[in-house]
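Take a look at the structure set out below.
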Amino acid sequence: MPDFQLHGKRAIVTGGGRGIGKAIARALAQEGVDVVIASRNRAQLDATAAEISAATGRRVVGIVADTTSDSAVDALVAETVRILGGIDILVNNAAAPGGLSTATTVAQIDSALALEDINIKVIGYLRTARAVAPHLIAQRWGRIINIGGLAIRKTGRPVATLRNVGVAAITKNLADELGPSGINVTAVHPGATRTERTDAASERTAAKGNSIGRIVDASEVAAVVTFLASPLSVAITGDAITAGGGSPGTIHY
């Protein structure tokens, strides 16, 4: 296996109790990273932390945190620094899968749900980046990876598109601001992804919608994130990597 030069690094993965976040936490731990996973579900965090720690031998700690709260995010970062001795990597992943808003037309948009979606996925990512950035700047090295989604390239669900466009926008702004301090900021846009909640019907549907003819597994998205979290990814910042198995019939450059 390649050496991602991550041994001894320290990471926060928000939304790390299950799904893609859990797979990312595991992949980082397998590369020698000590990880704090955060979500609002204590039982889920404890079970995931114990599972990953037992499998990898790394320190994995669950901290309950609501990323819609400034004080909760500040406390999460302070507790991470206290427990792990510092912070090198932030993976922003805390968001409702698919979003809260199911609106497909402008007439269906519920303003409160739309604002909550933006608060969770866009402002929430900014909150954690704001709290982590001083630590990364002080050590002149760090990585921030923001998990978006391929809804950024599709119409049909306006709020889903909007929140992922917001992720791309903050990623580029943070990359330009923090780059001179040795901090790379990137986005990863998964498409349909197999997690513990995926059923067979969803897998078949996903296989028809990408270029590889099968659903992408959460571990495969996590492999992309792990590379971006490593020192080897220094040439990539401010941009997004799509991780959906390819979008047939479209060209992006």
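All of the numbers you see were taken from the coordinates with simple rules; none came from a lab. None of the values given here were measured: they were computed from a predicted structure. Using ideal geometry, Cβ is built from the backbone for each residue, glycine included, and neighbour counts are taken over all protein chains shown.
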* Asked: With each pseudo-label sitting 7 Å past Cα toward Cβ, what's the VAL64-ALA96 distance in nm, one decimal?
  -> 2.1 nm
* List the residues of the stretch 54-76 whose backbone N lies under 13 Å from a point placed 7 Å from the Cα of ASP46 along the Cα-to-Cβ direction. => 62-64
* What is the Cα centroid distance between the stretch 108-162 and the stretch 176-253, reported in whole angstrom? -> 16 Å
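Between beta-carbons, use under 14 Å as the cut-off and find the net charge around LEU162, counting Lys and Arg +1, Asp and Glu -1. Please report the intermediate quantities before stating the final value.
Numbers: positive: LYS121, ARG153, LYS154, ARG157, ARG163; negative: ASP110, GLU116, ASP117.
Result for the local shell: +2.
DSSP loop (so not H, G, I, E, B), at most 13 other Cβ within 10 Å: list which GluC sites (Glu not before Pro) in the stretch 138-224 pass both filters. All intermediate terms of the calculation are to be shown ahead of the outcome.
Values: sites: GLU177, GLU196, GLU203, GLU220; in loops: GLU196.
Loop-located and lightly packed - GLU196.
Normalised radius of gyration for the chain, please: alpha carbon Rg relative to 2.2 N^0.38 Å, two decimal places. Present the calculation step by step, with values, prior to reporting the outcome.
Working: Rg = 17.2 Å, N = 253, 2.2 N^0.38 = 18.0 Å.
So the Cα radius of gyration is 0.95 times the expected 2.2 N^0.38 Å.
Normalising by the residue count of the stretch 192-253, find the relative contact order in percent from Cα pairs under 8 Å and 6+ residues apart. Before the final figure, lay out the partial values.
Working: 48 pairs, mean separation 24.1, N = 62.
Reported as a whole number, the value is 39 percent.
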* **Under Karplus coefficients 6.51, -1.76 and 1.60, residue-wise ³J(HN,Hα) of the stretch 221-231 in Hz, glycine/proline x** => 5, 4, 5, 5, 4, 4, 4, 5, 7, 8, x
* Sorted peptide list for 206-212, 24-30, criterion being average Cβ within 10 angstrom, highest first -> 24-30, 206-212
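Peptides 158-168, 11-21: what's the order by average Cβ count within 10 Å, highest mean first?
Numbers: 158-168: 20.8, 11-21: 26.8.
The packing order, highest mean first, is 11-21, 158-168.
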* To do: Would you kindly derive the ³J(HN,Hα) couplings of the stretch 99-114 from the backbone phi angles with the Karplus curve 6.51 cos²θ - 1.76 cosθ + 1.60 (θ = phi - 60°), listing them in order in whole Hz, with x for Gly and Pro?
  => x, 7, 7, 9, 4, 10, 9, 5, 5, 8, 5, 9, 4, 5, 5, 4
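Roughly what % of DSSP beta bridges within the chain run antiparallel, to the nearest 5?
Values: 0 of 29 bridges.
In the chain, approximately 0 percent of DSSP beta bridges are antiparallel ones.
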* Asked: If you average the sequence gap of Cα pairs under 8 Å that are 6 or more apart and divide by the length of the chain, what percent do you get for the contact order?
  -> 19 percent
